[in-house]
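The values are calculated or read from the model by the stated rules, or taken from the named source; none is laboratory data. On a predicted model such as this, the values are computed, not experimentally measured, just so you know. Here the Cβ positions follow ideal geometry from the backbone for every residue, glycine too, while neighbour counts run over all protein chains shown.
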Amino acid sequence: MVGGTFDPLHDGHKVLLARSFEIAGSQGHVVIGLTTDSFASRKTHPIRPFEVRKSELEQFIKSRNFSSPFVIEPLQDRFGSALDADFDAIIVSEETLPVAVEINKLRRGQGRKKVDIHQISCVLAEDSRWISSTRIFRGEIDVHGRLIR
């Protein structure tokens, strides 16, 4: 499992998604939680509609020819189906690690098995700071982390 708003889809997101498919391998499958418009509206910058973001995700995944099947499901809160679903691993960034830890705590409280947490390092922009959608929206960097001058 992996989740996010993915808007705009930047190089950090692409590393996160690629790692998810790598961990799943050809025998597994990837569940991608994509924030709904109402849940994404809490962001500090405008977000494109769910269907636009979903389509961009699908195009990226298909362009990479990953061997694992995948499904994109609406994410209406921080946890989505991660509290109830039977899955083995959650892939997060440094920024979202606390949510994965909380998911395992809540699963344990429900008597469910904990899931493996795989954390990727956030991808750095040319200025050695994290690539983030907020920075892209502010016009500081592009989706590849290049400084906009």
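Data for the structure
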item: So ILE131, is it within 16 Å of GLY80 (Cα to Cα), touching a Leu at 6+ places or on another chain (Cβ under 9 Å) and aliphatic (A, V, I, L, M); result: no
item: Extreme residue, surrounded by the fewest Cβ atoms within 10 Å (Cβ to Cβ), among residues of the stretch 5-25 that are outside any helix (DSSP H, G or I) and out of contact with any strand residue (DSSP E or B) (no Cβ under 7 Å at 6 or more places or on another chain); result: GLY25
item: Among the candidates ARG112, ARG107, residue that is of a type in the set (D, E, K, R), surrounded by 18 or more Cβ atoms within 10 Å (Cβ to Cβ), farther than 18 Å from LEU17 by Cβ and modelled with pLDDT of 95 or more; result: ARG107
item: GLY139 without any contact (Cβ under 8 Å) to a residue 40 or more places away in the chain, part of a loop (DSSP other than H, G, I, E, B) and within 17 Å of ASP7 (Cβ to Cβ); result: yes
item: The stretch 118-136, residues that are in contact (Cβ under 8 Å) with a residue 60 or more places away in the chain and part of a strand (DSSP E or B); result: HIS118, ILE120, TRP130
item: The stretch 26-54, subset among the hydroxyl-bearing types (Ser, Thr, Tyr) and surrounded by fewer than 20 Cβ atoms within 10 Å (Cβ to Cβ), residue nearest to ILE90 (Cα to Cα); result: SER26
